[in-house]
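Below is one structure, written out as structure tokens, with a few remarks after it.
The values are calculated or read from the model by the stated rules, or taken from the named source; none is laboratory data. Computed from a prediction, not measured in an experiment: that's the story for all the values here. When we count neighbours, we look across all protein chains shown, and the Cβ atoms used for this are built from the backbone with ideal geometry, even at glycine.
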Amino acid sequence: MSAREEGAGPMPRRPAIPPGLLRGGVVAIGRRIDPARVAAVIDGLAGGGVEAFELTLNEPEADALVAIGAAARHATGGTVAIGAGTVSSIEAAGRALDAGATFLVMPHTDPSLVAWAAERGVPAFPGAMTPSEVLAGWRAGAAAVKLFPASVVGLAFVRELRGPFPDIPLIPTGGVTAETAGDYIRVGAVAVGLGSWLIGDGLVEGIAARAARVVRAVADARGLA
């Protein structure tokens, strides 16, 4: 079965995956990041070649929105795209975009939320754990689908999904490590998401070193190193 199977209706307008995310093949995920630390995190990520940074909308959301705003201001004119994660509603998505986010990531599949983002030209990455969720998110207009949690679905699942869904970009997230990042790329993922290990203590040098390690693993898996 193709993701564009006959009778499914017209495909929605689909925003592109941010170019930097594709180049580095890594999305950094920050939870409860102090706005005062945001600049150092971004500088470290950029120094290591990671060009996409997702800040999650964990409670209190107001603090997360301040961090997204600080990140967006610091990243202006740079290479790192700033997104919002753990987006669970259209209302939260709107607040994240107003704060400066340029892409949206969800832990779940909500076709109405994905379509809302697509209609506004905003790349959305819905979370999915089953083939039905993967296809539903894609048909709604997702730029790519986040396989979550990757530690549960595993490498074999990613490989098998490439058969029926060769045109759907997949981003395994949740439990991906520096050691397994390249493995996910080799079985067909377009990029991977990493969180606490990558951000660490928030110091520029350590983030840059870890970011470079993961980006290098992705490049090796792509045969570009």
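A compact table of results
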{"read-out": "In segment 70-128, the residues that are more than 25 Å from LEU45 (Cα to Cα), crowded, with 16+ Cβ neighbours inside 10 Å and not hydroxyl-bearing (Ser, Thr, Tyr)", "value": "ALA92, HIS108, ASP110, PRO111, LEU113, VAL114, ALA115, TRP116, ALA117, ALA118, ALA128"}
{"read-out": "Number of positions in segment 103-145 that are assigned to a helix (DSSP H, G or I) and either modelled with pLDDT under 95 or not aromatic (Phe, Trp, Tyr) (or both)", "value": "17"}
{"read-out": "Matching residues in segment 171-225 - criterion: being part of a loop (DSSP other than H, G, I, E, B), under 17 Å from the mean Cα position of the chain (by Cα), small (Gly, Ala, Ser) and under 23 Å from GLY83 (Cα atoms)", "value": "GLY174, GLY175, ALA178, ALA189, ALA191, GLY195"}
{"read-out": "Search result, residues across segment 129-138 that are over 22 Å from GLU54 (Cα atoms) and buried (at least 20 other Cβ atoms within 10 Å of the Cβ)", "value": "LEU135"}
{"read-out": "Residue match in segment 72-89 (condition: more than 24 Å from ARG210 (Cα to Cα), without any contact (Cβ under 8 Å) to a residue 40 or more places away in the chain, assigned to a helix (DSSP H, G or I) and in contact with a helix residue (DSSP H, G or I) (Cβ under 7 Å, 6 or more places away or on another chain))", "value": "no"}
{"read-out": "Verdict on LEU135 being farther than 16 Å from ALA117 by Cβ, aliphatic (A, V, I, L, M) and free of Cβ contacts under 8 Å to residues at least 40 places away in the same chain", "value": "no"}
{"read-out": "Filter result (within 18 Å of the chain's Cα centre (by Cα) and at positive phi) within segment 64-119", "value": "THR86, GLY100"}
{"read-out": "Hits in segment 144-185 - residues which are surrounded by 24 or more Cβ atoms within 10 Å (Cβ to Cβ), in contact with a Pro (Cβ under 8 Å, 6 or more places away or on another chain) and closer than 15 Å to PRO107 by Cα", "value": "ALA144, VAL145, LYS146, LEU147, PHE148, ALA150, THR173"}
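Okay, residues lined up against (1) in a helix (DSSP H, G or I); (2) in contact with a strand residue (DSSP E or B) (Cβ under 7 Å, 6 or more places away or on another chain); (3) within 15 Å of LEU104 (Cα to Cα); (4) modelled with pLDDT of 95 or more:
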| site | (1), (2), (3), (4) |
| --- | --- |
| ALA28 | no, yes, yes, yes |
| VAL38 | yes, no, no, yes |
| GLY47 | yes, no, no, yes |
| ASP63 | yes, no, no, no |
